[in-house]
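K.L.:
Following this message is one structure expressed as structure tokens.
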Amino acid sequence: MTGWLEIHRGEAPLIVSFPHTGTELPADIEPRLVSPWLARKDADWWVHRLYDMARELGATTVRTGISRTVIDVNRDPSGASLYPGQATTGLCPLTTFDGEPLYRAGLEPDAAAIAVRRERWFGPYHAALGEELRRLKARHRCVVLYDAHSIRSRVPRLFEGELPHFNIGTYHGASCDPALRRGIEAACADPRFSSVTDGRFVGGWTTRHYADPEHGVHTVQMELACRGYLDEPALPDGGNWPAPYDPGRAAPLRALLERALRHCIDFANSQGAHP
């Protein structure tokens with residue numbers, strides 16, 4: 001770990017990235033925010049703990065400790081929307097998922113501040129992902145980049161109703177081989193949980209940017225509904241959110257996630273070694 005950027009190198013043909021589990025608010029930015037709780041409200045709570053088996057499987061992991069409120073490393077750095085016409089949050093979000101202002105009036109980041117944040121955090125995070133992809137591609141003909149996420153089950157501003165437990169994103173099939181997608185779908189198949197592929201979430205900037213199936217880089221996003229692994233309150237507030245991590249509560253979901261990661265490795269290995 002180097003300061004806010006945590007990299008664990010494995011030798012299996014799998015990278016698991018954690019762009020939204022960070023909660024750090026730099027000292028020069030926190031006073032500009034309405035509240036630290038609001039700034040951390042939309043973190044992907046405990047997701048890096050859910051996937052702590054990834055290292056045991058030999059996967060590489062890349063995680064930023066910086067809150068997505070500061071800069072969202074899974075957004076287009078140009079500021080272009082990933083979901084045109086739909087409600088979403090941007091590169092340096094100004095509101096929570098629920099539309100609450102994140103910054104005190106007049107203290108929102110301007111273009112110069114956003115450029116600084118891109119240089120300090122966005123650039124190094126993606127330089128690390130790119131370097132790990134190159135390192136593993138030198139060893140394996142095929143590598144899978146698995147982008148790990150979670151979100152509250154009900155966010156009316158972003159989607160109607162209740163989100164399925166597993167939301168697999170392949171950018172409408174463009175980011176990975178169908179065999180990889182089918183295997184992940186099969187790994188998540190369980191009567192206790194619901195699943196959809198390329199539903200509300202089809203994959204963020206990471207999934208779209210690095211995808212190159214023809215040259216052996218397959219990408220997928222997994223967006224989990226939080227109720228699958230923690231006791232999710234109907235109305236989150238500073239007293240009940242985030243809910244604490246409970247290993248026993250999370251165990252059934254973790255077992256399916258481990259199956260999904262194993263499939264990613266098996267798929268990549270099935271593509272053969274470098275001649």
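The values are calculated or read from the model by the stated rules, or taken from the named source; none is laboratory data. Note that the coordinates shown come from a computational prediction; the quantities given were computed from them, not determined experimentally. As a convention, Cβ positions derive from the backbone with ideal geometry for all residues, glycine included, and neighbour counts pool all protein chains shown.
K.L.:
Could you check region 54-92 and list, in sequence order, the residues that are touching a Leu at 6+ places or on another chain (Cβ under 7 Å) and not β-branched (Val, Ile, Thr)?
P.N.:
Ala54, Leu57, Ala59, Ser67, Asp72, Arg75, Asp76, Pro77, Gly79, Ala87
K.L.:
Which of the strands (runs of 3 or more DSSP E) contained wholly in region 160-275 include at least 1 residues that are at pLDDT 95 or above and touching a Pro at 6+ places or on another chain (Cβ under 6 Å)? Show your work before the answer.
P.N.:
Numbers: elements: 166-169, 195-197, 217-225.
Answer list for region 160-275: 195-197.
K.L.:
Another question, if that's okay. Kindly provide the set of residues from region 92-113 that are among the charged types (D, E, K, R) and under 21 Å from Arg157 (Cβ atoms), ordered by number. It would help to see each step written out before you state the result.
P.N.:
Initial filter on region 92-113 (among the charged types (D, E, K, R)): 98, 100, 104, 108, 110.
Hits for region 92-113 are Asp98, Glu100, Glu108.
K.L.:
Looking at region 93-131 only, could you name the residues that are touching a helix residue (DSSP H, G or I) at 6+ places or on another chain (Cβ under 9 Å) and surrounded by fewer than 17 Cβ atoms within 10 Å (Cβ to Cβ)?
P.N.:
If the condition is that a residue be touching a helix residue (DSSP H, G or I) at 6+ places or on another chain (Cβ under 9 Å) and surrounded by fewer than 17 Cβ atoms within 10 Å (Cβ to Cβ), then Glu100, Pro101, Arg104, Leu107, Glu108, Gly130 are the ones that fit.
K.L.:
May I pose another question? Output the residues belonging to region 116-157 that are of a type in the set (A, V, I, L, M) and either in contact with a strand residue (DSSP E or B) (Cβ under 7 Å, 6 or more places away or on another chain) or under 17 Å from Thr61 (Cα atoms) (or both). Working first, answer last.
P.N.:
Filtering region 116-157 down to residues of a type in the set (A, V, I, L, M) leaves 116, 127-129, 133, 136, 138, 143-145, 148, 151, 155.
Correct list: Ala127, Ala128, Leu129, Leu133, Leu136, Val143, Val144, Leu145, Ala148, Ile151.
K.L.:
Looking at (1) without any contact (Cβ under 8 Å) to a residue 60 or more places away in the chain; (2) under 22 Å from Asn240 (Cα atoms); (3) not hydrophobic (A, V, I, L, M, F, W, C), which is the only condition His20 fails?
P.N.:
Exception for His20: condition (1).
K.L.:
Among the residues of region 239-275 satisfying the criterion of being among the acidic types (Asp, Glu) and under 17 Å from Ala186 (Cβ atoms), which is surrounded by the most Cβ atoms within 10 Å (Cβ to Cβ)? Can you show your working first?
P.N.:
To start, the set of residues in region 239-275 that are among the acidic types (Asp, Glu) comprises 246, 258, 266.
Subset that is under 17 Å from Ala186 (Cβ atoms): 258, 266.
Numbers: Glu258: 17, Asp266: 13.
My answer is Glu258.
K.L.:
Looking only at region 208-256, count every residue that is small (Gly, Ala, Ser) and free of Cβ contacts under 8 Å to residues at least 40 places away in the same chain and tell me the total.
P.N.:
To start, the set of residues in region 208-256 that are small (Gly, Ala, Ser) comprises 211, 216, 225, 228, 234, 238-239, 243, 248, 250-251, 255.
Those left that are additionally free of Cβ contacts under 8 Å to residues at least 40 places away in the same chain: 239, 248, 251, 255.
Adding up the residues that qualify gives 4.
K.L.:
OK, next. Taking Arg134 as meeting all but one of (1) more than 18 Å from the chain's Cα centre (by Cα); (2) closer than 25 Å to Arg49 by Cα; (3) free of Cβ contacts under 8 Å to residues at least 24 places away in the same chain, write down the number of the exception.
P.N.:
The failed condition is (2).
K.L.:
Please find, among Leu14, Leu25, Leu38, the residue that is within 29 Å of Val143 (Cβ to Cβ) and either in contact (Cβ under 8 Å) with a residue 40 or more places away in the chain or of a type in the set (Asp, Glu) (or both).
P.N.:
On the way: Leu25 fails: within 29 Å of Val143 (Cβ to Cβ); Leu38 fails: within 29 Å of Val143 (Cβ to Cβ).
None of the other options fit; the residue is Leu14.
K.L.:
Does region 84-105 hold any residues that are modelled with pLDDT under 95 and of a type in the set (Gly, Ala, Ser), and which are they?
P.N.:
Gly85, Ala87, Gly90, listed by residue number.
K.L.:
So how many residues does region 86-114 have that are of a type in the set (S, T, N, Q), assigned to a loop (DSSP other than H, G, I, E, B) and under 20 Å from Ala39 (Cβ atoms)? I'd like the intermediate steps shown before the answer.
P.N.:
If we filter region 86-114 for residues that are of a type in the set (S, T, N, Q), which is where we start, we get 86, 88-89, 95-96.
When the remaining residues are screened for being assigned to a loop (DSSP other than H, G, I, E, B), the result is 86, 88-89, 96.
If we keep only those that are under 20 Å from Ala39 (Cβ atoms) too, we end up with 88-89, 96.
Here the count works out to 3.
K.L.:
Identify, from the list Glu223, Glu232, Glu214, the residue that is touching a His at 6+ places or on another chain (Cβ under 7 Å) and either over 30 Å from His126 (Cβ atoms) or of a type outside the set (Lys, Arg) (or both). Show your work before the answer.
P.N.:
On the way: Glu232 fails: touching a His at 6+ places or on another chain (Cβ under 7 Å); Glu214 fails: touching a His at 6+ places or on another chain (Cβ under 7 Å).
Result of the check over Glu223, Glu232, Glu214: Glu223.
K.L.:
I'd like to check something: does region 52-75 contain any residue that is of a type in the set (Ser, Thr, Tyr), free of Cβ contacts under 8 Å to residues at least 12 places away in the same chain and over 18 Å from Leu25 (Cβ atoms)?
P.N.:
Filtering region 52-75 down to residues of a type in the set (Ser, Thr, Tyr) leaves 60-61, 64, 67, 69.
From the residues that got through so far, the ones that are free of Cβ contacts under 8 Å to residues at least 12 places away in the same chain too are none.
Scanning region 52-75 turns up no residue that is of a type in the set (Ser, Thr, Tyr), free of Cβ contacts under 8 Å to residues at least 12 places away in the same chain and over 18 Å from Leu25 (Cβ atoms).
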